Structure formats: structure tokens, C-alpha cells
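*Asks:* First, the structure itself, so that you have it in front of you.
Since every read-out is calculated from the coordinates, none of them should be taken as a lab result. Quantities reported herein were computed from a predicted structural model and do not represent experimental measurements. Every residue, glycine as well, gets a Cβ built from its backbone with ideal geometry; the counts of neighbours run over all protein chains shown.
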Amino acid sequence: MKKRYIKQCFLAFCLSGLVAACATSETEPRAETDIEYNGTDCISIRTIRDYTPLDNRNLLVEAAGRRHYLVTLVMTSFELRSSFRLGFRSRDDWLCPYGGDRIVFEGLANDEISIRSITRLTAEQTEDLLVRYGKKEPTEQQDPPPPDLKGAEVEELGSEVVEPVE
């Protein structure tokens, strides 16, 4: 009976330690340029102005008001880069990653692919994505000027000119 009680106490102690370890784990704060790849934002289809395919799965969509969105597809599509036009199939006027909304590729083959996520981006995030996927050259950062350090002064030693004696 006493052994059973000790085992239960030991098990309760271990489980409470495990719960405490999980509860105190903190996540680092995200930087503003970090992108949430599981976004659930929606885009009004009427406001879509332009798009840039980043790769076979990601699409950068520009909406009115210079708003940019990262659209991630459920599966890769080689039609994304080679399609002549993109269309949208939705039950309403909003393109969302849920509700069965799809992107329609009107190229050599008419494909429809569901949307995994839509994330609204800041200007910095948009620039970062364009540079990361090779759609834009990175802005050249100038080297900072060297710091002004005070150090030992250099003394010039006078050199006497000795003329040869004749």
C-alpha cells in the first residue's frame, strides 16, 4: 500500500514538473519583417490590381491602396509562372483561404487550385519577399564610416640632413 502511494506521489511530481516546463516556455517576439505563412486574410476580388508569381506555390497580389498580400496555394502548379491570365472562383466577392475559393489558371491547361493561406504584408515584408525570390535587386547598403578613434599620436622624428664634408 505504501509503495503504491509513493509511486503516485512520484508520478504526480513528474507530471507537475512537465506541465510547469511547458507552461513557462516563452516564444521570442516576432520581428516586423517575419511573415505569417498561415494567414486567414481575405481580399476583395474587385480591388485586385496586379500579381507577381514568386515561385510555383506563392503569389504576391497587389490590391487597391498599395496593399500587398502573399497568397500560398495548397499544391504547386507549373502554370503559375506560365499562365496568360489568372482568374478567381469564389462564392462571393471575397477571395479567402477557406470556403473553397480557388485560383483559375487560363493558360495551356485550365487548372484550378485551392488557396492555403492569404497574408497581408507590410511594405518591408513585400520588399523582403521580392528580394528573397529574386524579383528585385537588394538595395545596396552603404558601409558605415570608420569610427573616430583616439589613439596614440604619432610623433615625427626630425631627421637631420648631414652634408658630406669634403
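*Asks:* For labels at Thr139 and Asp50 in the simple 7 Å Cα→Cβ model, what's the distance in nm?
*Replies:* 1.8
*Asks:* Could you calculate the contour length gain from Leu149 to Glu112, that is, 0.36 nm times the residue separation minus the distance between their Cα atoms, to one decimal place in nm?
*Replies:* On the way: separation 37, 0.36 × 37 = 13.32 nm, distance 6.31 nm.
Extra length available between Leu149 and Glu112 comes to 7.0 nm.
*Asks:* What's the magnitude of the charge dipole for region 43-132 around its Cα centre, counting Lys and Arg as +1 and Asp and Glu as -1 at the beta-carbon? Answer in Debye, nearest 20.
*Replies:* 140
*Asks:* Taking only C-alpha pairs under 8 Å that are 6+ residues apart, what is the relative contact order of region 43-132 in percent?
*Replies:* Working: 173 pairs, mean separation 24.6, N = 90.
Relative CO of region 43-132 lands at 27 percent.
*Asks:* Specify whether the C-alpha gyration tensor of region 43-132 places it in the rounded, prolate or oblate class, a ≥ b ≥ c being the square roots of the eigenvalues: rounded for a/c under 1.5, otherwise prolate if a/b is larger than b/c and oblate if not.
*Replies:* Numbers: a/c = 1.64, a/b = 1.21, b/c = 1.36.
Oblate, since a/c reaches 1.5 and b/c is not below a/b.
*Asks:* Could you line up Ser114, Ser77 from fewest to most neighbouring Cβ atoms inside 10 Å?
*Replies:* Lowest count first: Ser114, Ser77.
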